[in-house]
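Below you'll find the structure, written out as structure tokens, and then a few comments.
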Amino acid sequence: MFKNLTQRLSNSFKKIINKGRLTEENIKDTIREVRKALLEADVTFSVIKTFIENVKKKSIGHQINKSLTPGQEFIKIVKHELIFAMGEKNNSLNLSIEPPAVILVVGLQGSGKTTSLAKIGKWIKDKHKKKILITSTDIYRAAAIKQLQILSRQIEIDFFISHENQKPIEITRQAIQHAKLKLYDVLLIDTAGRLHIDKTMMNEIQQIQYLSKPIETLLIVDSMMGQDAINMAKIFNNDLLISGIVLTKTDGDSRSGIALSMRYITGKPIKFIGTGEKITSLEPFYPERIVDRILGMNDIMSLIEDIEEKVDQSQIKKLTKKLKKGHDFNLNDFLTQIKQMKKIGGLNYFIDKFSINHQLSNNISLLNTDKNTLNKVEAMICSMTPKERIKPIIIKGSRKRRIALGSGTQIQDVNKLLKNFDDIRRIMKKIKSNGISKIMRGIKNILPKKF
């Protein structure tokens, strides 16, 4: 979503990065390029105007931090203003209310509203360990209720069954009563979307909001809509007093202007962004991290959080304990680590996080290890005997042919696996004796090559 803006801003900063000081004259061209970059990203004009004025005001005659060059100081000012435009801090869900905390989800049809509700339910369950109930008041769209019921089953969250012959207000009333009776912590209510905003729809949602008294009313916005999304959000906010926004489809080729404009125009925080089709592809919206992404800086914090959530820490402790005792790192251990990597999304996940500015382009062949490749590696290891996994040095010609045949791969694939494993095992030995800090400079040499 942010790649084009990142590239344009990077090119803009090249003109000022080596300047001795910041003056109106030497930042003029850069400011013009930044304005063009924001316009091309489909940022609302009023936001651009305020943004540029603030950057100019803070740049000209600005006292430079002694540890920074004027160009770096300018980038710092731009970063601060981008963060300010998007809300400065993360605004998480407010669940501090007597149960059940009702969360109402609204939006246009096709915006990803129903799927987003399930993602939010999954996020609350994993993060806050709450007892959650989900229901749908969408009696208009064919199979909408069934879709949400299937999604709730996938994420193992209870679903309050509704029917198309019921009225939305009645479904809401019954769901609230059931949630209170069964002591649920959170009730998530899906509402009907429309292809366009109309008075009937807004009246219906207003009734649901009045009855349910939600602690959160979240507007789901398709980031592919561009400027139309801003206008739509204004109407929803005026009629419903929304508490936050969820941007969907941010993994696509949409322009990033909506993320920069939404908070400024509506006054409401972006609380989540949908980053893919998977039920776990939902991230809390941290303005500073998004700006780091836009400016080509590494998004380390969200990576760490993903690893903490998806990686089995007990397996890491088990491996660490084994290595400390002097045992060798074998293919059984490697298989365990491959399974952990698949949970994160393969090494391409790291590429998405860290190579926005093409800083890793020279090593891209080393990093291009997707989930399919990891599946292939797993199949090869599973085709080995227990003895071969513990002592891979015995894997020679006939054994390689058997492993390749059993895993549906080629002998050269088995050779590459063994070579990569041998590299990693040597590194594991160094980690044990020298510590992790001395290993990082050679990290590119241990990353598996594409099969």
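Each value in this text was obtained by applying a stated rule to the coordinates, not by laboratory testing. Source: prediction; values computed, not measured. Quick reminder, even Gly has a Cβ in these numbers, built from the backbone with ideal geometry, and neighbours come from all protein chains shown.
Numerical summary
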item: Residue-span extension gain [Lys234 to Lys79] - 0.36 nm each, minus C-alpha spacing; result: 53.2 nm
item: Sites Lys57 and Tyr210 - FRET efficiency at Förster radius 35 Å, r taken between beta-carbons, to 0.05; result: 0.20
item: Added length on full extension, which subtracts the Cα-Cα distance from 0.36 nm per residue, Lys28 to Asn332; result: 103.5 nm
item: Efficiency of FRET between Tyr140 and Gln177 - r from beta-carbon atoms, R0 41 angstrom, step 0.05; result: 0.95
item: Cα→Cβ-extended label distance, 7 Å offset, between Lys391 and Asp251, nm; result: 4.4 nm
